[in-house]
Amino acid sequence: MHDATRRGTEILRDPAFAFFWSATTIRAFGGAVAGVAFQVLIVTVLDASPAEISVLAALSVVPYLFLGLIIGALMDRWRRQRTLIITTIGRALVLAAVPVLLLTGTLTFWTLAAVTLALGVLTLFADSAAQPLLPRIVPRTSLVAANARLGQSTTVAGTAGPALGGLLLRLIGPTWLFALDAVVNTIAAVLQARIRVDEPRPAPRETGSHIGRDIAEGMRFTYRHRTLRPLALSVHVWFLANSIVATTFGVFALRHLDLPDWAFGVALAAGGVGGFLGALIAPRVGAMLGAGRAILFGRALIVVPWLALALVPLSPTTSMAIVLPIVAAAQFVYCLAMGIEDTNDISYRQAVAPDEIQGRMNATIRTVNRVVFFFGALLTGVLMTLLDFAATLGIGAIVFAAAAVIVLFSPLRAARHEDATHV
């Protein structure tokens with residue numbers, strides 16, 4: 001049996017990773033289910049205006065913009081497992097407050113905004129702790145298999161979770177749905193507490209060392225590293241492209257192509273299948289091609305669906321028998337490419353960075369990604385106004401191609417996972 005396949009089947013036999021994976025999976029399902037309930041509260045219970053809806057959407061991104069680098073630096077000073085447990089408990093408490101607000105009639109736009117902001121900060125802490133903790137839980141040679149398993153479960157949660165949330169919303173209503181998600185996070189915290197991990201106390205900081213200096217050190221490491229620099233730059237450009245296509249696709253499909261809701265749902269479900277398959281084959285692709293070429297393959301493949309949607313002449317008068325297969329196939333290939341490249345991208349950077357700078361390296365890349373996505377989404381509004389939807393998708397495809405070109409003409413192209421574990 002191929003080594004990558006064998007490691008993939010064996011990784012869940014590791015008790016520490018099994019607890020980590022289980023906690024991550026149920027949290028992902030809980031978050032997807034609660035996301036449906038949040039939308040119902042915003043639109044139907046609060047009858048929020050478009051401006052209020054945009055404010056709530058922005059509040060989920062704000063913590064990354066203002067706290068991402070600081071929290072990343074703290075993750076190289078604090079115990080990551082302890083941080084993960086505390087923030088998961090914090091999420092459970094905040095989610096449990098929503099049923100109380102509903103039952104007492106005190107849920108308003110501002111209380112929901114406070115809940116949204118609190119959940120955003122806690123999620124940022126949890127994600128910032130989980131990513132650098134994983135290389136402590138599994139050997140660095142098993143990171144690709146571990147991230148593939150996490151990617152698979154996250155994709156399934158993102159695909160099936162909203163449907164499950166809609167069903168539960170109809171059966172038990174939003175009040176008990178939020179209570180259920182609070183219970184789910186409590187169970188996740190218990191599972192996280194059972195992880196056996198060797199996590200020594202971080203080394204004492206040098207005299208005069210402050211958080212700003214730590215952040216700068218993390219940024220220097222990331223952007224001066226021979227292979228991490230092109231990886232980071234490529235993924236920043238990728239996020240710009242993704243902000244363009246993600247912002248445009250829904251409007252393109254529902255307004256320009258006039259897809260009915262059921263057809264749009266079928267297309268998104270095809271994307272879920274593609275993402276799961278991509279994460280499933282990612283370890284084998286990484287072992288066959290090497291980390292750099294696997295990332296390059298994913299970056300290049302993702303150009304295809306968006307270029308196709310930009311160039312194929314589709315309109316509301318085009319037969320559904322033609323439109324739906326093309327749109328569904330585009331979503332399938334898009335998510336397939338993401339599943340392949342994400343697993344290899346994250347695994348390589350986790351393997352190549354020393355433990356003492358993992359938090360800052362990940363936070364540097366993640367924070368810049370969020371900033372790029374934020375401004376890219378604003379730019380997309382201008383592009384859709386000045387151009388048509390298909391042309392905007394075409395621009396997104398060109399930017400995706402630029403992300404692939406960065407990898408193609410850099411040392412990252414020849415990087416292999418097994419080499420990273422010895423850096």
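The values are calculated or read from the model by the stated rules, or taken from the named source; none is laboratory data. Every value quoted in this text rests on a predicted model; they were computed, and no experiment measured them. We place every Cβ from the backbone using ideal geometry, glycine too, and count neighbours over all the protein chains shown. For the accessible areas, the whole protein counts, side chains as well, though only heavy atoms, and no ligand, DNA or RNA atoms are used. Shrake-Rupley method; radii C 1.70, N 1.55, O 1.52, S 1.80 Å.
Values as computed for the structure displayed
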{"item": "Residue (of 270, 147, 326) at the positive-pole extreme of the chain, dipole from beta-carbon charges", "result": "147"}
{"item": "Value at 222 nm in deg cm²/dmol, rounded to 500, when DSSP H runs of n ≥ 4 in the chain each add -39,500 (n - 2.57)", "result": "-27500 deg cm²/dmol"}
{"item": "Kirkwood-Stokes translational diffusion coefficient of the stretch 139-265, alpha-carbon pairs, 25 °C, 0.890 mPa s, µm²/s", "result": "121"}
{"item": "Net charge contributed by nearby residues that have their C-beta within less than 15 Å of residue 298 (K/R +1, D/E -1)", "result": "+2"}
{"item": "Compactness of the stretch 372-422, expressed as Rg and Dmax over alpha-carbon positions, Å", "result": "16.2, 50"}
{"item": "Rounded accessible area of residue 406 (nearest 10 Å², 1.4 Å probe)", "result": "50"}
{"item": "Rg over Rh [alpha-carbon atoms, Kirkwood Rh] for the stretch 32-168", "result": "1.01"}
{"item": "Magnitude of the charge dipole, the stretch 1-152, Cβ model with Lys/Arg +1 and Asp/Glu -1, debye to 20", "result": "660"}
{"item": "Residue 142 accessible area, assembled protein chains, probe 1.4 Å, Å²", "result": "20"}
{"item": "Lys, Arg +1 and Asp, Glu -1 on Cβ, resulting dipole of the chain about Cα centre, debye, nearest 20", "result": "1040"}
